[in-house]
1. Report ³J(HN,Hα) in whole Hz for each residue of the stretch 92-106, in order, from the Karplus equation J = 6.51 cos²θ - 1.76 cosθ + 1.60 where θ = phi - 60°; Gly and Pro get x.
2. Compactness ratio of the chain: Cα Rg over 2.2 N^0.38 Å, N = residue count?
3. List Ile113, Ile83, Ile27 from most exposed to least, where exposure is judged by having the fewest other Cβ atoms within 10 Å.
4. Please report, in debye to the nearest 20, how large the charge dipole of the stretch 154-226 is about its Cα centre when each Lys and Arg carries +1 at its beta carbon and each Asp and Glu carries -1 there.
5. Using the Karplus curve 6.51 cos²θ - 1.76 cosθ + 1.60 with θ = phi - 60°, what ³J(HN,Hα) values do you get for each residue of the stretch 146-158, in whole Hz, with x for Gly and Pro?
6. Under the Karplus relation 6.51 cos²θ - 1.76 cosθ + 1.60, θ = phi - 60°, what is the ordered set of whole-Hz ³J(HN,Hα) values for the stretch 111-125, x standing for Gly and Pro?
7. Could you size up the charge dipole of the chain around its Cα centre, putting +1 on the beta carbon of Lys and Arg and -1 on that of Asp and Glu, and report it in debye to the nearest 20?
8. Starting from the amide H of Met57, placed 1.01 Å from N in the peptide plane, find each other amide H under 5 Å away whose residue is 5 or more places distant or on another chain.
Amino acid sequence: MTQQPQNATTKKWTKDIWALLIVNFAIFAAAFLVFDRQLPDVMPSHFDMNGNQDGSMPKWQFWLFYGGLGVLLPPAVAAMRFIDPRKENYVRFEGFYKLLRWVISLFLQGLFITIILHGLGHSIPVHKVIAGALGALWVVIGNRMGQVRSNFFIGIRTPWTLVDENNWNRTHRLAAKLWVLAGLIMFVMAWFATGTWVTVLILVCVLGSSIVPVVYSYLLHRRANP
């Protein structure tokens, strides 16, 4: 009897998902209507380690890219649960799953608005904004990562976490601490580090907070299966 509500929850396209789609589309539409005529025909698409533009794309391609990522990606993340063999576990971390979709949306919308402002000629240290926003994203996700339960799309999915729930839980508790620490370092240093150091710090923090839990998961497995 208790299984039915869980199945119903995992199969329902909820109001929250519709709200996410509508909000993202509204922001995209507003940005297009307000800024399209003001923007140059060629938009920035890439920046070097010092924040200087070193890549570009046609304006129509930028809007298409914005629409695909900023509007459609977050609802696509929501739809992953429908094909996950362990979709019944999603109700056990519903709050985190909802938070994940919204913070990804906020991050992407902020990224594209920053690029638009740069395209309009505003002097914005794009590389620092991205690094700081990425740090904030890491902190928010890491703060709740310990709530994630076993699934095939979200979290530290190693062969050892996927077959052992205790391994999964312990690995994610460690990962949560590492992500918060890495995020704080990225957020703070984004505004003080210069040039190459910004990129180096991002790589060290992102890779470190991702690889260390994988190694820890393996060590837990070896300890449990000598």
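Quick note: the coordinates plus some simple rules give every number you see, no bench work behind them. Note that the structure is a prediction, hence the values are computed from the model and not measured. Quick reminder, even Gly has a Cβ in these numbers, built from the backbone with ideal geometry, and neighbours come from all protein chains shown.
1. 7, 9, 4, x, 5, 4, 5, 4, 4, 5, 6, 6, 5, 4, 4
2. Its radius of gyration relative to the 2.2 N^0.38 Å reference: 1.14.
3. Ile83, Ile113, Ile27
4. Computed charge dipole of the stretch 154-226: roughly 160 debye.
5. Working through the residues one at a time gives x, 7, 5, 10, 3, 7, 9, 10, 10, x, 8, 9, 9 Hz.
6. 4, 5, 5, 4, 5, 4, 4, 5, x, 7, x, 6, 7, 10, x
7. 840
8. Met43, Ser45
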